[in-house]
Amino acid sequence: MRSRLLFSLILLLSLAGCRSPQGKPGGPTILILKGPSAMGMINLIDSAATVSSLPLNIEILDEPMQVRARMLVDKPEIAVLPLNMAAILYNKGLDYQVIAIPVWGTLYLFGSDTTIKTWQELKGKTVHLMGKGATPDILFRYLLGRQGLTPGGDVKLDYTFPTHVDLSNAVIAGKAELAVISEPLVSLAEARNPAIREIMDLNREWALAVPESPTLPQTAILVRTDFARGNPGLLSVIMEAWNRSTQYVNSQWSEAASRIAFNRILPDSAIAVRSIPRCNLLFRYAREIRPVIDAYLKVFLTFNPDAIGGQMPDEAFIYQKPDH
């Protein structure tokens with residue numbers, strides 16, 4: 001399978017008539033995040049790891065801030081970031097555009113407090129979040145407000161644990177009864193502590209609260225503008241290969257899970273199988289879903305303008321495929 005994928009990709013690249021990217025002898029660099037975005041492109045990761053001639057340099061990083069720092073210094077051709085962080089960088093003048101959304105909401109309220117069935121039953125409870133002002137915090141506070149609950153009043157918010165991993169470990173150890181966290185850490189926590197369960201799917205709750213954006217376009221693929229302009233054929237081939245990889249993961253859970261574990265994205269295939277359906281993997285080109293992206297970002301603009309760089313990004317934020 002890997003040899004066929006490599007051959008097909010190289011053949012398509014030659015047919016596309018693309019130019020070699022400047023300054024990258026092995027091909028373009030793609031920075032992705034360990035978790036759902038890496039899981040969705042496992043075909044490319046797996047092939048790149050085993051066949052050195054595949055013309056992609058894929059690097060998996062742990063945190064969005066690591067990707068952001070690399071974008072500012074190294075200027076990779078393609079990178080994955082939370083959509084609101086992509087808007088911040090764009091509004092600050094970084095020359096990247098959103099080309100696709102590969103992950104559609106991975107946030108869940110989970111923990112060991114089994115008494116919670118509804119939003120109103122959160123009154124008087126403490127919910128732990130990582131990073132005040134980060135995406136999980138903003139979205140959860142927004143949803144609380146839509147349910148008539150006052151964040152910090154009706155529901156206490158605790159930011160003691162600064163990262164997703166720290167927060168997940170706190171829940172596992174019984175130091176936090178309720179927390180908002182993303183996949184695949186929810187599945188990892190459940191596997192390590194049977195008392196933990198999913199309490200609310202915040203992606204479903206978002207759909208009920210914001211019908212004009214029925215799913216959370218939480219994660220974005222960004223492309224450097226000059227690279228996109230100079231190499232449209234190569235860019236198209238990479239995106240289509242990414243799309244096919246996502247479809248493969250969604251249709252072949254068991255096989256994909258083994259490859260995800262093999263590449264150390266998750267510790268074992270059993271957790272990967274549990275996590276895949278919760279990751280909401282779906283590759284969509286940004287140009288096809290601009291209203292959904294705008295509806296999502298407008299929530300951030302209303303709730304905390306700084307979370308998207310102070311203003312809605314203009315039309316050029318979304319990459320448009322050339323007509324020829």
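The values are calculated or read from the model by the stated rules, or taken from the named source; none is laboratory data. Given the structure is predicted, the values throughout are model-derived calculations rather than measurements. Glycine also receives a Cβ, built like all others from the backbone with ideal geometry; neighbour counts cover every protein chain displayed.
Which of the residues spanning segment 227-267 are more than 19 Å from I58 (Cα to Cα), basic (K, R) and crowded, with 17+ Cβ neighbours inside 10 Å?
Correct list: empty.
How many residues are surrounded by fewer than 21 Cβ atoms within 10 Å (Cβ to Cβ) and either part of a helix (DSSP H, G or I) or at pLDDT 95 or above (or both) if we restrict to segment 268-279?
Number of matching residues: 7.
Just need a number here: residues in segment 307-324 that are closer than 10 Å to A87 by Cα and out of contact with any strand residue (DSSP E or B) (no Cβ under 7 Å at 6 or more places or on another chain).
8
For segment 274-316, what are the residues that are of a type in the set (A, V, I, L, M), more than 25 Å from G133 (Cβ to Cβ) and within 18 Å of the chain's Cα centre (by Cα)?
I276, L281, L282, I289
Quick one: how many residues across segment 88-121 are touching an Asp or Glu at 6+ places or on another chain (Cβ under 8 Å) and without any contact (Cβ under 8 Å) to a residue 24 or more places away in the chain?
Of the residues in segment 88-121, 1 are touching an Asp or Glu at 6+ places or on another chain (Cβ under 8 Å) and without any contact (Cβ under 8 Å) to a residue 24 or more places away in the chain.
Could you tell me which of the residues L216, L208 is modelled with pLDDT under 95 and assigned to a helix (DSSP H, G or I)?
L208
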